[in-house]
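Heads up: the structure comes next, in C-alpha cells.
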Amino acid sequence: MSRVLVTFKSVTRLTQTSIYIQISRNLICLIMNVYRISAITLLVNNMQKSCKFYSKIPGFRLVYGGSFNTFTTYQVGESIPNMHLNLELKSSGMVRKDYNNKDDQTVDASKFGRIVFHTEDVDELYRYLKNNETISEMISFENEPKDATWGERYFHVREPDGYQLSFANPIKKNQ
C-alpha cells in the first residue's frame with residue numbers, strides 16, 4: 001500500500017490532526033474490508049467417494065489433502081484470486097454447539113457449513129469485531145487470528161444463527 005502525504009498551508013494544527021485522524025480511519029476501513037468469498041466447506045460422510053466425484057468435475061483441481069485425508073481442498077476454476085471447495089470428513093460423533101440454545105446443548109454436525117471470506121488484514125478485522133460491542137454481543141469467537149498450514153492467517157466466528165464464518169488472508173510466501 002502506498003502512502004499519500006497531503007499538505008494544507010492554511011490549516012491549523014488541530015484541523016490537521018482531525019484530517020489525519022479521518023484519513024487514518026478511512027484507510028483502516030479500506031485495509032480490513034472483506035472483499036470476497038474464498039471457500040465454502042462441506043461436511044462429507046465418505047472422503048474417498050466425495051474426492052472421486054469432485055475430481056471428475058471439469059475445473060476442479062485437488063490442491064490439498066485427498067481421498068485418505070480428513071480435510072481436502074479443490075481449487076475451482078482458474079480465476080485469480082482462486083476460489084475453493086473444502087471437504088471435511090464428518091466423524092460419527094461430531095457435534096457442534098447450538099449458539100441459540102441457552103441450555104448449551106449440541107446439535108448434529110450435518111447442519112455444519114463454513115464460508116471463508118478473504119480480508120486485507122485479518123488481525124485488524126478481528127480487533128474491530130472484538131472491540132465493537134454491538135457485533136461482539138451477537139457473535140461467538142472461536143479463535144484468535146493464527147497461521148494455518150495451508151497458507152492462510154485466519155480466525156473463526158459463529159454468527160447469530162450459529163453458522164461458522166472464517167475470515168482469512170493468504171500468507172505472503174516471502175514472510
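Every number here is computed from the coordinates shown, using simple stated rules; none is lab data. Being a predicted model, the structure only gives us computed values, none of them experimental. Backbone-built Cβ (ideal geometry, glycine too); neighbour counts: all protein chains shown.
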Notebook entry, point to check: Using modelled backbone amide H atoms (1.01 Å from N, in-plane), which distant-in-sequence or interchain residues come within less than 5 Å of Leu43's amide H?
Noted result: Glu88
Note to self: From the phi angles alone, apply the Karplus equation (6.51, -1.76, 1.60; θ = phi - 60°) to the range 56-71 and give each ³J(HN,Hα) in whole Hz, x where the residue is Gly or Pro.
What the structure shows: 8, 7, x, x, 9, 10, 5, 10, 7, x, x, 3, 10, 10, 8, 9
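Filter Lys130/Lys172; Lys49/Lys173; Lys90/Lys146; Lys56/Lys90 down to the pairs with a C-alpha to C-alpha distance above 30 Å, please. It would help to have the intermediate numbers written out before the result.
Values: Lys130/Lys172 25 Å; Lys49/Lys173 33 Å; Lys90/Lys146 24 Å; Lys56/Lys90 22 Å.
Correct reply: Lys49/Lys173.
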Checklist line | Amide proton proximity set for Ile171, modelled H, under 5 Å, gap of 5+ | finding: Glu152, Arg153
Check: Which cross-chain or sequence-distant (5 or more) residues have an amide H under 5 Å from the amide H of His84, H modelled 1.01 Å from N in plane?
Finding: Ala39, Ile40, Val76
Notebook entry, point to check: What residues from the range 74-91 fall in the zone where the backbone N is under 19 Å from a label point 7 Å along the Cα-to-C-beta line of Ser55?
Noted result: 74-77, 85-90
Next item on the list: Work out how much length Lys173 to Thr149 would gain on full extension: take 0.36 nm times their residue separation and subtract the Cα-Cα distance, in nm to one decimal.
Entry: 7.4 nm
